[in-house]
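Here is the structure we will look at, set down as structure tokens.
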Amino acid sequence: DSITTYLNDNKLDYSNSYLASRHFLTPIINKYSSIKLFIDLHRDSASKDVTTTVIENKSYAKVMFVIGKEYDSYQKNLSVAVNINEKIKSKYKTLSRGIMQKQGQYVNGVYNQDLNENIILIELGGDKNNLDEVLNTISVLVNILGEYINEK
């Protein structure tokens with residue numbers, strides 16, 4: 001099964017993608033309670049100069065966290081993002097674009113983060129970043145995420 005199949009089978013359009021992903025995510029959260037971090041991974045549509053940094057002569061796709069604010073417990077998810085973001089900034093000063101908190105008209109505002117306090121959304125670079133830039137970022141991000149998970 002896939003998100004696209006679910007949308008098509010239920011006659012839903014792309015704007016219902018989070019409803020579709022919720023269908024798949026909920027049973028995983030319920031079945032695997034030991035999972036310490038869920039990552040909803042995206043790429044941004046911002047320009048390459050916004051989504052790219054150079055560290056020690058190597059080009060990286062920048063990381064940005066998105067936290068929805070339209071559910072009661074969003075502060076818990078925000079705390080997770082803040083913790084990970086601080087770890088990134090302490091090791092790679094220019095790698096993070098920070099944390100965007102979203103609410104209001106024309107945004108989702110929840111991003112399924114209401115399902116578990118350990119769900120975060122990461123924008124990894126943008127649509128103009130190349131694979132090497134993304135892989136460079138992933139190679140340092142996995143260590144930081146591992147550090148965070150091992151502290152829990």
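Structural remarks
- Per residue, the accessible area of region 79-152 comes to 51 Å² when a 1.4 Å probe rolls over the protein heavy atoms.
- For region 1-74, with all protein chains in place and a probe radius of 1.4 Å, 49% of the accessible heavy-atom surface sits on carbon or sulfur.
- Out-of-range pairs (alpha-carbon distance over 31 Å; input LYS69/LYS93; LYS48/LYS89; LYS31/LYS128; LYS69/LYS152; LYS31/LYS58; LYS69/LYS91): LYS31/LYS128; LYS31/LYS58
- Exposure rule at most 13 other beta-carbon atoms within 10 Å, DSSP loop chymotrypsin sites (Phe, Trp or Tyr not before Pro): the chain longest free segment: 33-105
- Gaussian network model of the chain, springs between alpha carbon atoms under 10 Å - residue of GLU86, GLU56, GLU133 with greatest fluctuation: GLU56
- Gained length - LYS31 relative to VAL142, 0.36 nm times residue gap less alpha-carbon distance: 37.6 nm
- Using a cutoff of 8 angstrom between alpha carbon atoms and counting only pairs six or more residues apart, the relative contact order for the chain works out to 32 percent.
- Charged-residue dipole, Cβ positions (Lys, Arg, Asp, Glu), the chain about Cα centre, Debye nearest 20: 320
- Answer label for Rg and Dmax of the Cα atoms in Å (calculated), chosen among (1) 16.0, 49; (2) 20.2, 71; (3) 15.0, 42: (1)
- Shown here for region 1-53: trypsin sites (Lys or Arg not before Pro) in loop regions (DSSP other than H, G, I, E, B) with at most 14 other Cβ atoms within 10 Å, namely LYS11, LYS36.
- Inter-probe distance in nm under a simple model that places probes 7 Å from Cα toward Cβ, at SER47 and LEU131: 2.8
- The calculated FRET efficiency for GLU70 paired with LYS91, based on their beta-carbon distance and R0 = 30 Å, is about 0.40.
- Inter-probe distance in nm under a simple model that places probes 7 Å from Cα toward Cβ, at TYR106 and ASP40: 1.9
- Segment GLU56-ILE99, length gained on full extension (0.36 nm per residue, minus Cα span): 13.1 nm
- Taking region 51-98 and dividing mean pair separation by its residue count, relative contact order in percent (alpha carbons under 8 Å, at least six apart): 44
The values are calculated or read from the model by the stated rules, or taken from the named source; none is laboratory data. Just so you know, these numbers come straight off a predicted model, no measurement behind them. FYI the Cβ positions are ideal-geometry reconstructions off the backbone, even for glycines, and counts take in every protein chain you see. The accessibility values were calculated without ligands, DNA or RNA, using every heavy atom of the protein model including side chains. Shrake-Rupley method; radii C 1.70, N 1.55, O 1.52, S 1.80 Å.
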